[in-house]
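Here's the structure, in C-alpha cells; my notes come after.
Readers should treat all values here as calculations from the given coordinates under stated rules, not as data from a laboratory. Being a predicted model, the structure only gives us computed values, none of them experimental. Methodologically, a virtual Cβ is constructed for each residue, glycine included, from the backbone with ideal geometry; neighbour enumeration extends over all protein chains shown.
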Amino acid sequence: MCGMVGLCRVGGRTTEADRESVRRMNAAVLHRGPDETVHYDDECSSLGFQRLSLLAPADGRQPFVHREGEVVLMVNGEVYNHRELEERLRGRHTFATSSDCEVLLHGYLDEGLAFLERVRGMYSFALLDNRRRELVMGRDRFGIKPLYYHRDEQRVVFGSEIKSLFHEGRTPRRLDWHGALRDPALNLDLTLVSGRVNTWFEDIHVVPAAHTVTIDLDTGEETVRRYWDVDVAADLSDASEEEIVVAYRDLLESSVRDCLTADCEVGLLLSGGIDSAAVAAFSQGSGIHTFTALTGSTVVNGDAEYSHRTAAFAGLPNHQILFDTERVPSGDEWRALLWLLETPQASPEHFYKYQLHRFARATRPRLKAMMLGQASDEFNGGYSKKLSAGGGWAGFLSTLDDMARATYLREHPQLRPWYDPRHGDLLTPAVSGDVYRQFVRWKTHDIEQYNTWHEDRTAAGNSIEARVPFLDHRIVELTNGVPVEMRESLFWDKAILRRGLESVLPPDIVARPKVSFYYDDRGYNNQRAFVRMLCVDRRALLEDALSAPGAKELVDRDALWGVVTALQSDPSLASLEYVLAVVNLGLLENLVAELPSVSFDPHRVEVEEELVVDVWEESEAAIAERVFEAAPVGPATRMRLVGGLRFLSDSSAPDVRLLAVDGVVAYTFDDEESALWVDVLQSFRAETSADEVAGALGADPVRVLEMATTAHGEGLLEVSGQ
C-alpha cells in the first residue's frame, strides 16, 4: 500500500504554486507510506508519492520512469502474478527494479491498457503518457485500492484519499448533504441499486473499479473504459458440485498464499467467523499473528472464543485486544476516525478495526500487511439465510424479488400506485431477468462503496496494507459460473465455502452460524459505548454536528435528541445507525470547512491493552470481569445534581420549565411527562437515591430509576463520592 497524488495541467504548464500544492497534498497522505517520500515534476505535471515498502524495499522506488519521462507511472497496491507477467515481457523489456508493480509499466508499453486483463492483484495507478499527452488513471476489478480526482478546464488533481485533494486549495470543499441523504447506502433503503460510487462531496469523482479514466491533456477530453465486468463467469456447465467445491477451495488457498507474500510481516484480523477462519486455515505454518476484538459483545456472541480456538488449531498466535466497559471513544477520537475514513458510513465496526490495526502496528513494527475475511458473504450466499425470512432458498429469492420491485419503483415512482397491494398488482411484474445476478451486482457496488473503502482506510491510517483473499477475480468468476440449478445447494448459508473447508477445519468451526459483530445481547451490546460517546460532555459531539450549515437546514434537532435519549434506555435499537449517519455528515462538513492540518493526530490515547488468553475456559472469569459491567446506577445509588445546572421559568409560558447547563438552555420541559422529569431532577438537589425520590413523589420506582439512569448518562447527575 502506498499513497499518491498529482496535478496535471490541461493545455498549459505547471507553476511553482502547483508544485507547492502537490507537496501539501502528498503530506496529507503520509500515513499511507511513511517509508519514503518522493516528488516528481515535469513541464505539465507534478506528482507526489508516499511509499510503504512491502516488497523489494531496497529498490522499489516510484514513480517508474521510462526514457527520461516519456511514460511515468505510480502504483498503489500489489500485482500478485507479477513473476508470470514478467516472464512474458523480459525478452522485450528491461526491468529497473524488483518491484512487483513495475510490470504494469512494461505491460502498458507492450499492449496498452489491454494488459490489465492479464493482471491479478489489487491496485490503483496514475500513468502519464507524455508521448500522447494523456493522463491515465485506473483501479483493480473490485476497487480495493482507492483513487479520486477533481478537474476543471485548466487542471486535473488526483489522490489516494479525498483529503489530499482539499489540500490543493482550489478544489471545492462542499459536502453533498442532499445526495448523501438520498443514497440507499446511507439511508439503508433495501433496493438493488448499483451504479457509480458516491464520494459524498460535490465535484469529487472516483475512478470506478475495473475501469480506466483517460484525460487528454491538450483538449481535456475524458474517456472512461471498463476492462472487466462482475458478470464474467467461468464455464462450469459440465462440472459436478464436488468439482466446483474443490476448485473453489483450491483458488481460495492460492489467493491466501498470494496475500502472504511480502518482505515484511503479515497479520490477520480474526473475527471468529468462517471467513477469517478459512484464511487462518490456509495460513497454517506461516506463523503470522492474528488479532481479535475482545468486547462484551464478542464474548456473548462467541466471536472471541472461536477466534482463540481457530488460531490455536491453525498454530497461529492470537492477540485478544481488550475493549473494556470503560472504553468509550472521545469526541476527538471519533472526529479523527471520521477524517481518516472520509465517509458518513463510519460506524462502531470501523472504530474497532482501526484500533486492532493500531495495536498490531504498535506492538509488531515490522507488520505492514493485514489479511481480512471481507467480501466472502457477497458472492457465496452469505446473506441467503438472513434474507429468507425463515422460508429457505425460496424465501430468499422471494425477498430478492421484492427488493428488485422496490428498485424498479424507486426508478419509476410514478408507477407506484399501480403496484399498491390494496388494489392488486394490475400491471405485469416489475421484476425481470435473473434477480440473483442483480443481487450480486448490488453487493459488488456495496463492496466498493463500503467494504473496501473502510478496510483500506482503517489499515492505511496505521501504515498497514489491507489484503482481501476473497476478492480474487478468479474466485468470483467461479461462483458466477455456478449453474442456476446448483445455486441452492452451493449458496444456501455459504455451503460452497463450508463444504470446501470440511477437510481443513474442525466441524464446529465449519458449521458455526453467521453472527453480527456488534448486534447481539442487549445487555452487552457494543453500541452502548457509542451511545455514551454521543452523550458525554453534555452531548458535545451532537452539538458540534448540529452546528454544521447542512444540519441546521435539514436535521430536526429535537427529534435527534429524542432518539439519542431513547438509545440511552435501549442501546440495541437499530436507530443508532441513522443517528451516526446524520451526526457524521455534520461533523464531516465542519471538518472540511476547518481542514485539519496534516499533523491531525488520531492517536490521542494509549494503544489498547491485550488480555493474554492461554486456555479459554480458564480465562473466562477474568474476561467477564473486564468486559461485563454492573449497572452504574441502582435504585439505592446515592446521587446529586452536578454543578452548573439551573432551572428557569418563562413568564409568557408558565407551564414550560427550562434547564440551563453552564448558562445555556439545553432542555425544555413542556408536557405531563416533562413535569415528572423536573420533579425528579429537582429532588436530586440534595444527595439522595432513586428509591427515596420515588417514595417522596409517590411515583413508579422503575420509571424514576430509568430517568435517573438517563440523567446520569447525560452528565446531569453524579454518583456521590465522585
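Taking other Cβ atoms within 10 Å as a rough exposure proxy, Lys386, Lys353 sort from fewest to most as Lys386, Lys353.
Relative to the first principal axis of the alpha-carbon coordinates of the chain, what is the inclination of helix 241-260, with its axis defined by its Cα atoms, in degrees from 0 to 90 and to the nearest 10? Value to nearest ten degrees: 90.
Relative to the Cα centre, what is the charge dipole magnitude of the chain, using +1 at the beta carbon of each Lys and Arg, -1 at the beta carbon of each Asp and Glu, and rounding to the nearest 20 debye? Let's see the in-between values first.
Numbers: 75 positive and 115 negative charges, 227 e Å.
The calculation lands at about 1080 debye.
Just to confirm a number: summing +1 for Lys and Arg and -1 for Asp and Glu over residues other than Arg61 whose beta-carbon lies under 12 angstrom from that of Arg61, what do you get? Walk me through the numbers before you get to the answer.
On the way: positive: Arg51; negative: Asp35, Glu36, Asp59, Glu102.
Overall, the nearby charge balance is -3.
Positive contributions from Lys and Arg (+1) and negative ones from Asp and Glu (-1), summed over other residues with Cβ under 12 Å from the Cβ of Leu251, come out at -1.
Global size of the stretch 240-519: 20.3, 66 Å for Rg and Dmax (C-alpha atoms, Rg to one decimal, Dmax whole).
Given the C-alpha centroids of the stretch 21-94 and the stretch 540-588, what is the distance between them in whole angstrom? So the separation of the two Cα centres works out to 42 Å.
Quotient of the Cα radius of gyration of the stretch 638-719 and 2.2 N^0.38 Å, N being its number of residues: 1.05.
Legend: P(r) of the stretch 305-460 from all alpha carbon pair distances, 10 Å bins from 0, whole percents, reading 8, 25, 27, 21, 13, 5, 0.
Under the rule of -39500 (n - 2.57) per DSSP H run of 4 or more residues, summed and divided by the residues of the chain, what mean residue ellipticity at 222 nm is obtained, to the nearest 500 deg cm²/dmol?
Numbers: 28 runs with 290 residues, N = 722.
Calculated from helices alone, the mean residue ellipticity at 222 nm is -12000 deg cm²/dmol.
Between Ala394 and Glu620, the FRET efficiency estimated from the beta carbon spacing at R0 = 45 angstrom works out to 0.65. Beyond 21 Å, the tail of the calculated P(r) for the stretch 537-668 holds 67 percent of the Cα pairs. Of all DSSP bridge pairs formed entirely within the stretch 240-519, close to 0 percent run antiparallel. A Förster radius of 60 Å combined with the Cβ-Cβ distance from Ser237 to Asp691 puts the calculated FRET efficiency at roughly 0.25.
Could you tell me the relative contact order of the chain? Use alpha-carbon pairs under 8 Å, at least six residues apart, and round to a whole percent.
Values: 1289 pairs, mean separation 96.7, N = 722.
Dividing the mean separation by the residue count of the chain yields 13 percent.
Note on Trp418 and Arg83: their simple-model spin labels are 6.1 nm apart, each label 7 Å out from Cα toward Cβ. Beta bridges from DSSP with both residues in the chain: antiparallel share about 80 percent, rounded to the nearest 5.
In this label model, Arg437 and Ala636 are separated by 6.9 nm, measuring between points 7 Å along each Cα→Cβ vector. Here the stretch 186-309 is treated with +1 on each Lys and Arg Cβ and -1 on each Asp and Glu Cβ, and its dipole about the Cα centre works out to around 520 debye. With the charge dipole of the stretch 240-519 set up from +1 on Lys and Arg Cβ and -1 on Asp and Glu Cβ about the Cα centre, the Cα lying farthest toward the positive end among the listed residues Leu409, Ala375, His308 is that of His308. Each of the peptides 455-464, 391-400 was scored by the mean count of other Cβ atoms within 10 Å over its residues; in descending order, highest first, they stand as 455-464, 391-400. Go through Lys385/Lys443; Lys145/Lys552; Lys386/Lys552 and tell me which ones have a Cα-Cα distance over 26 Å in this structure. Distance filter (> 26 Å) returns Lys145/Lys552; Lys386/Lys552.
Extension gain Ser330-Glu502, at 0.36 nm per residue separation less the Cα-Cα distance, in nm?
On the way: separation 172, 0.36 × 172 = 61.92 nm, distance 4.37 nm.
Full extension from Ser330 to Glu502 adds 57.5 nm.
When a footprinting reagent is the concern and you count Cβ atoms within 10 Å, what order do Met639, Met25 take, fewest first? Don't skip to the end; give the middle numbers.
Working: Met639 21, Met25 31.
Ascending Cβ contact count within 10 Å gives the list Met639, Met25.
With q set to 0.13, 0.17, 0.23, 0.24 Å⁻¹, the log10 of I(q)/I(0) for the stretch 264-377, from the Debye formula over equal scatterers at the Cα positions, is -0.50, -0.85, -1.36, -1.42. Helix 102-111 versus the longest principal axis of the chain: what angle, 0 to 90°, nearest 10, using Cα atoms? That works out to roughly 50 degrees. The fewest-to-most ranking of Lys494, Lys552 by surrounding Cβ atoms within 10 Å reads Lys552, Lys494.
Over the stretch 638-719, Cα pairs under 8 Å with separation of 6+ residues give a relative contact order of 33 percent. Once the Cα atoms are used to define both axes, helix 392-411 deviates from the longest principal axis of the chain by about 90 degrees.
Once fully extended, how much extra length lies between Val65 and Leu30, figured as 0.36 nm per residue of separation less the alpha-carbon to alpha-carbon distance? Mind showing how you got there, number by number?
Numbers: separation 35, 0.36 × 35 = 12.60 nm, distance 2.20 nm.
Gain on stretching Val65 to Leu30: 10.4 nm.
The simple Förster model, with R0 at 25 Å and r as the Cβ-Cβ distance, assigns Asp42 and Glu111 a FRET efficiency of 0.50. Placing unit charges on each Cβ (+1 for Lys and Arg, -1 for Asp and Glu) gives the chain a dipole about its Cα centre, and among Gly159, His178, Ala636 the Cα reaching farthest toward its positive end belongs to Gly159. When both the stretch 638-683 and the stretch 379-440 are represented by their alpha-carbon centers, they are found 50 Å apart.
A crude spin-label estimate for the pair Asp570 and Ala540, with each label 7 Å from Cα along the Cβ direction, gives 3.1 nm.
What's the Kirkwood radius of the stretch 523-586 in Å, using all Cα pairs? Let's see the in-between values first.
Working: mean 1/r = 0.0851 Å⁻¹.
Value: 11.8 Å, from the Cα pair sum.
Across the stretch 240-519, C-alpha contacts under 8 Å between residues 6 or more apart give a mean separation that, scaled by the residue count, equals a relative contact order of 29 percent.
May I ask for the equivalent-ellipsoid semi-axes of the chain, computed as the square root of five times each C-alpha gyration tensor eigenvalue and listed largest first in whole Å?
Values: eigenvalues 410, 198, 150 Å².
Ellipsoid half-lengths, sorted descending, are 45, 31, 27 Å.
Extension gain, Ala511-Ala653: 0.36 nm per intervening residue step, less the Cα-Cα distance, totals 44.8 nm. For the stretch 31-67, backbone nitrogen atoms closer than 11 Å to the point 7 Å from Ser98 Cα along Cα-to-C-beta are found at 55-60.
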